[in-house]
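One structure is given here, and the rest of the page talks about it.
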Amino acid sequence: MSALRRIYLALAVWGAVHPMYWFVTYLAANAWDFGAMVDAWYVNASTIGLTWDLIIAAITLTVWILAEVAVRRNWLALVAIPATFLIGVSCGLPLYLFLRTRPVT
């Protein structure tokens, strides 16, 4: 595995673990109320802007993945879509890059 692929994989793992730590910390402190966490995303202009930034980035990444999978037939790369929406762009993007840069056999 190339150094670049190792970096992508490390970033995908970090992008899954680090944000999840904060999500779980918040949920544990708020009786596991997912609705309260979603409400917190819209508490002020700053968080609303960040929320929309991430939503737009996730949609853009999804369109890119679908367009490339249609051409390259790299079906495994589709796992980056649920990773993006269930974990976050910080996991989905480096995971997709990791999967995209695998050697073609």
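A short reminder: the numbers here are calculations on the coordinates, not readings from a lab. It should be emphasised that the depicted structure is a prediction, and the values quoted were computed from it without experimental measurement. Heads up, the Cβs are rebuilt from the backbone with ideal geometry, glycines too, and the neighbour counts pull from every protein chain shown.
The modelled label-to-label distance for the pair residue 45/residue 101, using points 7 Å beyond Cα in the direction of Cβ, is 3.9 nm.
Tilt of helix 89-100 relative to the longest C-alpha principal axis of the chain, in degrees (0 to 90, nearest 10)? Helix 89-100 sits at roughly 10 degrees to that axis. Charge tally for residue 72 (other residues, Cβ to Cβ under 12 Å; Lys, Arg +1; Asp, Glu -1): +2. Taking the C-alpha atoms only, the angle from helix 3-29 to the longest principal axis of the chain is near 20 degrees. Counting other Cβ atoms within 10 Å as a rough exposure proxy, the listed residues 85, 98 run 85, 98 from fewest neighbours to most.
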